[in-house]
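Visitor: The structure is given below, and queries will be raised subsequently.
The values are calculated or read from the model by the stated rules, or taken from the named source; none is laboratory data. Computed from a prediction, not measured in an experiment: that's the story for all the values here. Backbone-built Cβ (ideal geometry, glycine too); neighbour counts: all protein chains shown. Side chains are part of the model used for accessible areas, which takes the heavy atoms of the whole protein and leaves out ligands, DNA and RNA. Shrake-Rupley method; radii C 1.70, N 1.55, O 1.52, S 1.80 Å.
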Amino acid sequence: VQNQYEQQQSVDWAEIAQQLNLSERECLEANQFNTGKAQWIYHPDTFSWDMANRMKTFIKDNYPKPLPVNYTAVSNYMWIVMSDCVKMASLLRGEMAWTPETIAQVVELRKQGMIYKDIARQLSPVLNKSKVVAAYYGHIKSKVNAPLTCKEKHRIKELVDTHAEQMSFTELRAL
């Protein structure tokens with residue numbers, strides 16, 4: 001693999017399989033040579049379904065259910081960093097890791113006035129807007145239901161003490 005890569009910048013897996021008397025899939029699964037693999041980061045403006053469909057077809061043809069997908073083979077077939085293949089396969093299934101960073105991105109995009117459908121497209125090519133809505137409102141609900149910190153309680157007390165003289169009894173009671 002290394003020799004072929006260094007000579008022509010691409011790998012002929014059929015030739016390697018024939019030389020080793022193995023199947024292409026076995027060669028793809030066994031190869032550990034990773035030099036020159038590309039990054040594959042999802043961006044809605046540059047996303048290509050050609051590459052995504054190529055990966056999906058390879059997985060479907062070589063790893064029918066219930067076989068687990070071997071992402072070493074996928075990475076070697078696509079000549080893309082394995083972690084990027086795993087992440088892209090997850091995105092193509094509509095799966096999303098709702099990390100604090102992802103939630104923060106959703107919150108920021110909502111602040112900018114972006115609608116949920118467009119936010120979903122920013123995160124994944126196939127993500128359903130209802131998942132974004134659920135994550136967004138789940139985040140808000142967790143904030144609303146979270147107990148107040150000592151710092152927040154102290155700030156509320158300061159504000160009430162400061163403004164109590166200027167507020168009517170009815171306004172204070174509403175607090």
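Visitor: Roughly what would the spin-label model give for residue 19 and residue 157, points 7 Å off Cα along C-beta, in nm?
Guide: Each label point is offset 7 Å from its Cα along the Cβ direction, giving 7.6 nm.
Visitor: Between residue 149 and residue 97, what FRET efficiency follows from the Cβ-Cβ distance if R0 is 30 Å, with the result rounded to 0.05?
Guide: E(calc), rounded to 0.05, equals 0.65.
Visitor: So how far apart, in nm, are the two label points at residue 46 and residue 79 if each is 7 Å from Cα heading toward Cβ?
Guide: 1.8 nm
Visitor: Report, in cubic angstrom per residue, the convex hull volume of the C-alpha atoms of the range 113-175.
Guide: About 142 Å³ per residue, rounded to a whole number.
Visitor: Here is a further query. Once you've got the Cα coordinates, tell me which of 56/111; 56/117; 129/153; 117/157 are over 32 Å apart.
Guide: Check vs 32 Å cut-off fails for 56/111; 129/153; 117/157.
Visitor: Magnitude of the Cβ-charge dipole of the range 19-145, K/R +1 and D/E -1, about the Cα centre, nearest 20 debye?
Guide: Dipole size: approximately 640 debye.
Visitor: Among 130-139, 90-99, how do they line up from the highest to the lowest mean number of other beta-carbon atoms within 10 Å?
Guide: In decreasing order of mean packing, 130-139, 90-99 become 130-139, 90-99.
Visitor: If you average over every viewing direction, what projected area does the convex hull of the Cα atoms of the range 1-131 give, in nm²?
Guide: 9.4 nm²
Visitor: Taking the dipole about the Cα centre of the range 1-100, with the C-beta of Lys and Arg at +1 and of Asp and Glu at -1, give me whichever of 88, 19, 51 is farthest to the positive side.
Guide: The residue sitting farthest along the positive end of the dipole is 88.
Visitor: Using a 1.4 angstrom probe, figure out how much accessible area the chain has per residue, in square angstrom, rounded to the nearest whole. Intermediate values should be presented prior to the final figure.
Guide: Numbers: 12100 Å² over 175 residues.
Per-residue value: 69 Å².
Visitor: Would you mind giving the three semi-axes, in whole Å and largest first, of the ellipsoid equivalent to the range 37-107 according to its Cα gyration tensor?
Guide: 23, 14, 11
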